[in-house]
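A.B. asks: Got a structure here, written out as structure tokens. Questions coming.
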Amino acid sequence: MAYKRILLKISGEQLAGKYQSGIDTELASWLAKEVKQLSDANIQTVIMVGGGNFARGTQLAGNGIRRVTADQIGMLGTMMNALALIDIFESNDVQARCLSNIFAEQLAEPFVHRLAEKHLGKGRVVIVAGGIGRPYLTTDTAAVALALELSCEVVLKATKVDGVFSADPMQHPGAAKYDKLSADEAVSNPNIKIMDKAAMGLALEHNLPIVVFNGMKSGNILKVASGEAVGTKIQ
Ligand code: UDP
């Protein structure tokens, strides 16, 4: 059965597409068309966008940049992605609004729970910028927290691989893919690194399912949001 409201996590790496960093606008346009299928199917969609294509706090910190500042720079990276996505979504006839968890009134509306509900109720895709707005976190954890806040039924984590594997499939071609995984196992198994442990722990605590799936295959986002067995379901 199709979900009524989902949270889609898109990483910065995915948005960089064929480039090393920055935004692959062709890919973003393709993504807009994929997300349009959700709107057309009346599936309410919240997007948490990453920023790793611009900056990651853990990589920037040190050598004079404090961790808090590094994370703030990372959050600004998510803002750049969110702003670009809004324009690209609109030019593909997808109604979307950017709500920001960092103060940036000239750029976006602030994230306010009721405002997010209003936009979702009107069928608009809500793209959240700035993660959850605090350092020492990633957008994976922010995605789970936001999904809980907005009563999303599931977190869909788009990746470049088909799901969760027993080892990194890019390095170990023989690695086995899990169709299902218990949240306990996902949290405790050190080989499972597809998502932050903090994010998976929070989802476990609140019984929120996460589906890790290949977000680069056409039609996959709609399939997974329609409840089809695509990727790996962590529950
Ligand atoms: N970040 C943060 N708080 C948040 C979300 C993100 O401080 O709530 C920072 C953090 O430095 C992170 C960076 O923003 O590394 C970019 O996000 P992330 O690494 O999750 O992006 P992705 O890997 O998904 O592209």
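A.B. asks: Name every residue in segment 56-90 that is within 10 Å of the ligand (Cβ to nearest atom) and under 17 Å from ASP24 (Cβ atoms), in order of residue number.
C.D. replies: Those that are within 10 Å of the ligand (Cβ to nearest atom) and under 17 Å from ASP24 (Cβ atoms): GLY77, THR78, ASN81.
A.B. asks: To continue, here is another question. Can you find, within segment 151-168, the residue that is surrounded by the fewest Cβ atoms within 10 Å (Cβ to Cβ) among those that are away from the ligand (no atom under 15 Å from the Cβ) and closer than 24 Å to GLU109 by Cβ?
C.D. replies: Going through segment 151-168, the residues away from the ligand (no atom under 15 Å from the Cβ) turn out to be 151-154, 162-168.
Among the residues that remain, those that are also closer than 24 Å to GLU109 by Cβ are: 151-152.
On the way: SER151: 13, CYS152: 23.
Only one residue tops the list, namely SER151.
A.B. asks: Write out, first by first residue and then by second, each pair whose Cβ atoms fall under 8 Å of each other, whose residues are 6+ apart or on separate chains, and whose first residue, in segment 62-91, is over 22 Å from GLN14 (Cβ atoms) and among the aliphatic types (A, V, I, L, M) while the second is assigned to a helix (DSSP H, G or I) and near the ligand (Cβ under 8 Å from one of its atoms).
C.D. replies: These pairs meet every condition: ILE65/ILE73.
A.B. asks: Just one of the numbered conditions (1) more than 24 Å from VAL211 (Cβ to Cβ); (2) of a type in the set (Lys, Arg); (3) within 12 Å of the ligand (Cβ to nearest atom) is not true of LYS18; which one?
C.D. replies: The single condition LYS18 does not satisfy is (3).
A.B. asks: Which condition from (1) crowded, with 16+ Cβ neighbours inside 10 Å; (2) more than 8 Å from the ligand (Cβ to nearest atom) is the one that GLU26 breaks?
C.D. replies: Every listed condition holds for GLU26 apart from (1).
A.B. asks: Another question, then. More than 20 Å from GLN14 (Cα to Cα), within 16 Å of the ligand (Cβ to nearest atom) and buried (at least 17 other Cβ atoms within 10 Å of the Cβ): which single residue out of LEU202, LEU181 fits that description? Write out each step before concluding.
C.D. replies: Values: LEU181 fails: within 16 Å of the ligand (Cβ to nearest atom).
Checking each option against the conditions leaves just LEU202.
A.B. asks: Quick check on my filter: what residues within segment 91-106 are among the polar types (S, T, N, Q), more than 8 Å from the ligand (Cβ to nearest atom) and within 22 Å of GLN44 (Cβ to Cβ)? So that I can check it myself, show each step before the final result.
C.D. replies: First, the residues of segment 91-106 that are among the polar types (S, T, N, Q): 91-92, 95, 100-101, 106.
If we keep only those that are more than 8 Å from the ligand (Cβ to nearest atom) as well, we get 91-92, 95, 100, 106.
Result: SER91, ASN92, GLN95, SER100.
A.B. asks: Output the number of the condition that VAL144 fails; it satisfies all remaining conditions of (1) surrounded by fewer than 23 Cβ atoms within 10 Å (Cβ to Cβ); (2) touching a residue at least 12 places away in the same chain (Cβ under 8 Å).
C.D. replies: (1)
A.B. asks: Scan segment 118-136 for residues that are surrounded by fewer than 15 Cβ atoms within 10 Å (Cβ to Cβ) and more than 15 Å from the ligand (Cβ to nearest atom) and jot them down.
C.D. replies: Hits for segment 118-136 are LYS118, GLY121, LYS122, GLY123.
FYI, it's all coordinate maths here, none of it is from the lab. These figures come from a predicted structure and were not determined experimentally. No Cβ is skipped: glycine too gets one built from the backbone with ideal geometry, and neighbour counts run over all protein chains shown.
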